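Peer 1: Dropping the structure in here first, questions after.
The values are calculated or read from the model by the stated rules, or taken from the named source; none is laboratory data. These numbers come from a predicted model, not from an experiment. In this analysis, Cβ positions are derived from the backbone assuming ideal geometry, glycine residues included, and neighbour counts consider all displayed protein chains.
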Amino acid sequence: MSDQRTRDFFNHLRSASRQMALYPEEHPALVEVVNKATDAANVLLDDSAETSITIIGDSLYLERTILPHASLEFNRLLRDMQARGVDSVTLTSRVSRGDVHDLAAFLAATSGDVPAEGTIRLNERPYSRSELETDTGFTGLRRSYARSLDVLRGVSLALDSDESFDLTGATWVVEQLVEQTLSQPAASVLLSTMKSHDEYTFYHSVNVCILAIALARMVGLAEEEIKLLAVGALLHDIGKVRVPLQTLQWPGRLDTEQWAEIKLHPQEGAAAILAAAAPGQEIAAVVAFEHHARYDRQGYPNLTYSRPAHFFSRLVSTADTYDALTTRRSYRRAETPNRALRVLLQGAGSLYDPDLVQTFIKMVGVYPVGSLLELDTGGIVMVTGNHQDPSELADVVLVRAPDGLLLSEPEPTTLKDRVIVDQLTSDRAGVDPAALIEQLDLDG
Ligand SMILES: [Fe+2]
């Protein structure tokens, strides 16, 4: 919510700042966008007397909360602000139009004056860098998540414009992600369930990376191996940059030609990674090459060598399927975690490595953390701990009362004498498990 409101404010502020450079003061287009930015600033303030936005590096914070989406979306604007010496903006109720105008002009460098009316104050820095940057808990994870998205975006932009890239950045963020995921497995797996409809490939890649790291830990891989695997997992679909967008987002059945385009992404990805990989990182290219090869080698591309697909590729393929199935696409609704696990089980031995499927199910539990279950009472509970056996399911919180009312705070409850009648997607349940877990301060 606050992420969205901050994005609205920044969006209008950015437009206002751009238009300052183009139009005279009283131009209607400029007047309108300054008005919009002022309204958005006051919506962002909501009922509070004051709120502050802090910029540190590429990250944007509203009070102490990092805003991953806004940080990425306004990357350029944040840099421009820092270049103008602005690293915090404090808004005071009610923000005046004059101050918004002055801020936009200051950012556009059409004026050197900072807002004069005192409803917007610059550089008060209410939070110190160390206060905001302590990499603990879910916030640190979210930051790693956002940085991974950033790296992926950078790599795909480079590929798209045929520029070279190197894997140093990817390796660094993946190391952070590995550390975070290993120290907070439950929260990480949950983070991977934060589904986003847009930018599907990016979010999907980071999710697959997190799930692959968690699964690698379950099977006992050493941390050094996990780091190598994670680079492959993060970049496994990078070859999709070469697939025409129209085909990637095609809502219906693919024809032969479109299908042939899709099937090239493992080779394309492997070639790009190989070109960029440092010695010792080639395994990431193998993962990209083989992630659709299937356990029985009947997938694509056709493997000309006789060995089975690499263990890392089989592992990524398992995580890939699970995440793809639990994500809503334009042409398909999301499956619940439980049904996605069933699909994995059905394909165990042919499409997927059966041992890895078993371990994966053990890892996420029959009802993974964040699962939303409808009970015979009509109430909806969310699972907050891992369980192998549904009859042992104990850590649940009530999120919707039997009368359908959304609880402002989830209440710990029990499943004793209750029957689970259905598992719901977050869309259907109308709740966001990731936000709820954050509220509950789950520490894995
Ligand atoms: Fe793929």
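This table checks each residue for (1) under 29 Å from Thr413 (Cβ atoms); (2) surrounded by 20 or more Cβ atoms within 10 Å (Cβ to Cβ).
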position	(1), (2)
His310	no, no
Val316	no, yes
Leu356	no, yes
Pro368	yes, yes
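Peer 1: Right, another one. What do you reckon, is Val396 closer than 25 Å to Ile226 by Cβ, crowded, with 19+ Cβ neighbours inside 10 Å, modelled with pLDDT under 85 and within 26 Å of the chain's Cα centre (by Cα)?
Peer 2: No: the conditions fail for Val396.
Peer 1: Of all the helices (runs of 4 or more DSSP H) wholly in the range 1-112, which have at least 2 residues that are modelled with pLDDT under 90 and of a type in the set (Gly, Ala, Ser)? Before you say what the answer is, go through the steps one by one.
Peer 2: Numbers: elements: 2-20, 28-45, 68-73, 75-83, 97-107.
Answer list for the range 1-112: 68-73.
Peer 1: Name the residue that is surrounded by the fewest Cβ atoms within 10 Å (Cβ to Cβ), counting only residues in the range 39-52 that are farther than 13 Å from Ser2 by Cα and of a type in the set (D, E, K, R).
Peer 2: Taking the range 39-52 and keeping what is farther than 13 Å from Ser2 by Cα, we get 39, 49-50.
Checking which are of a type in the set (D, E, K, R) leaves us with 39, 50.
Numbers: Asp39: 16, Glu50: 14.
Residue satisfying both the conditions and the ranking: Glu50.
Peer 1: Is it the case that the range 361-380 has a residue that's at pLDDT 95 or above and of a type in the set (Asp, Glu)?
Peer 2: No: the range 361-380 contains no residue that is at pLDDT 95 or above and of a type in the set (Asp, Glu).
Peer 1: Could you check, for the range 140-160, whether at least one of its residues is of a type in the set (Ser, Thr, Tyr) and surrounded by fewer than 21 Cβ atoms within 10 Å (Cβ to Cβ)?
Peer 2: No, the conditions are met nowhere in the range 140-160.
Peer 1: Among the residues of the range 8-38, which ones are touching a residue at least 24 places away in the same chain (Cβ under 8 Å), in contact with a Phe, Trp or Tyr (Cβ under 9 Å, 6 or more places away or on another chain) and surrounded by fewer than 19 Cβ atoms within 10 Å (Cβ to Cβ)?
Peer 2: Within the range 8-38, just Asn11 meets the criteria.
Peer 1: From the set of residues in the range 229-265 that are among the hydrophobic types (A, V, I, L, M, F, W, C) and either buried (at least 23 other Cβ atoms within 10 Å of the Cβ) or not assigned by TED's automatic domain parsing to the domain that holds Leu211 (or both), which is farthest from Cys209 (Cα to Cα)?
Peer 2: Checking each candidate, the answer is Ile238.
Peer 1: Determine the pairs where a residue that is touching a residue at least 60 places away in the same chain (Cβ under 8 Å), located within the range 405-426, has a partner that is assigned to a strand (DSSP E or B) and crowded, with 16+ Cβ neighbours inside 10 Å with Cβ atoms under 6 Å apart, the partner being 6 or more residues away or on another chain.
Peer 2: Gln423/Leu373; Leu424/Leu372; Leu424/Glu374
Here is a yes/no grid of residues against (1) more than 24 Å from the chain's Cα centre (by Cα); (2) touching a residue at least 24 places away in the same chain (Cβ under 8 Å):
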position: Val219; (1), (2): yes, yes
position: Glu223; (1), (2): no, yes
position: Leu228; (1), (2): no, yes
position: Gly232; (1), (2): no, yes
position: His236; (1), (2): no, yes
position: Lys240; (1), (2): no, yes
position: Leu254; (1), (2): yes, no
position: Glu257; (1), (2): yes, no
position: Ala275; (1), (2): yes, yes
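Peer 1: Oh, and also: Mind listing whichever residues of the range 291-308 are touching a Ser or Thr at 6+ places or on another chain (Cβ under 6 Å) and buried (at least 20 other Cβ atoms within 10 Å of the Cβ)?
Peer 2: Result: His291, single match.
Peer 1: Something else: Exactly one of (1) out of contact with any strand residue (DSSP E or B) (no Cβ under 8 Å at 6 or more places or on another chain); (2) modelled with pLDDT under 70 is unmet by Thr139. Its number?
Peer 2: Every listed condition holds for Thr139 apart from (1).
Peer 1: Here's a follow-up. I'd like to verify a number: residues in the range 313-345 that are within 28 Å of Asp395 (Cα to Cα) and in a helix (DSSP H, G or I), how many?
Peer 2: The total comes to 17.
Peer 1: Is at least one residue of the range 204-211 within 16 Å of the ligand (Cβ to nearest atom), outside any helix (DSSP H, G or I), crowded, with 24+ Cβ neighbours inside 10 Å and modelled with pLDDT of 85 or more? Step through it out loud before you land on a result.
Peer 2: Keep residues of the range 204-211 that are within 16 Å of the ligand (Cβ to nearest atom), which gives 204-209, 211.
Among the residues that remain, those that are also outside any helix (DSSP H, G or I) are: none.
No, because not a single residue in the range 204-211 is within 16 Å of the ligand (Cβ to nearest atom), outside any helix (DSSP H, G or I), crowded, with 24+ Cβ neighbours inside 10 Å and modelled with pLDDT of 85 or more.
Peer 1: Do you know which of the residues in the range 222-248 that are assigned to a loop (DSSP other than H, G, I, E, B) and more than 15 Å from the ligand (Cβ to nearest atom) is farthest from Arg153 (Cα to Cα)? Write out each step before concluding.
Peer 2: At the first step, the residues of the range 222-248 found to be assigned to a loop (DSSP other than H, G, I, E, B) are 222, 236-237, 243-244.
From what's left, more than 15 Å from the ligand (Cβ to nearest atom): 222, 244.
Values: Ala222: 28, Pro244: 16 Å.
Going through the qualifying residues, I end up with Ala222.
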